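Structure, as structure tokens:
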Amino acid sequence: MGVLESVTTLEGLFYHTLPGKGEYANVIKAEENVDFHLLLSSVSGARLVTGKSMRGDFPTYTIRFLNAEKEVGASVFVMWKPGTMGDYDNGQVDAYQSLVSKYAEEVSFATTEYDI
């Protein structure tokens, strides 16, 4: 299908319910040209994947959001510093690893029924 990549932080993440549609998690940053909306009722779980870069010998960290069929609907990658290969900012890897410690490598979410 396709991939659209954008580098940003999740600072400013907020939730909003649209009547007849459901609740969304949102990140909007006009200065970075980022406008991301994740329909929470479509997310049944997440997979935390630690891998190896195809571009070099360093680890990669990905959160894959799963739909009801356990297919990947969206992915969030922990990105290294611009212009480097695998040099992550302080705290990025620790934050990811704390998610793995807390939730393991796969987590299921309780679904919420919306009055649509």
Please count how many residues of the range 80-101 are surrounded by 15 or more Cβ atoms within 10 Å (Cβ to Cβ) and touching an Asp or Glu at 6+ places or on another chain (Cβ under 9 Å).
1
Pick from the range 6-25 the residues that are of a type in the set (D, E, K, R) and in contact (Cβ under 8 Å) with a residue 24 or more places away in the chain: which of them is least open to solvent (accessible area, probe 1.4 Å)?
Glu23
Select from the range 78-92 the residues that are touching a residue at least 60 places away in the same chain (Cβ under 8 Å) and within 18 Å of the chain's Cα centre (by Cα) and list them in ascending order.
Met79
Quick test of your reading of the structure: Leu40 fulfils all but one of (1) closer than 18 Å to Asn26 by Cα; (2) of a type outside the set (Phe, Trp, Tyr); (3) at pLDDT 95 or above. Name the failing condition by number.
(3)
Selection from the range 30-76 of residues that are in a helix (DSSP H, G or I) and surrounded by 14 or more Cβ atoms within 10 Å (Cβ to Cβ)
Leu40, Ser41, Ser42
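The values are calculated or read from the model by the stated rules, or taken from the named source; none is laboratory data. The model shown is predicted, which means the values in this text are computed figures rather than measured ones. Cβ coordinates were reconstructed from backbone atoms using ideal geometry, including for glycine residues, and neighbour counts include every protein chain displayed. To get the accessible areas, we keep the full protein, side chains included, count just its heavy atoms, and leave off ligands, DNA and RNA. Shrake-Rupley method; radii C 1.70, N 1.55, O 1.52, S 1.80 Å.
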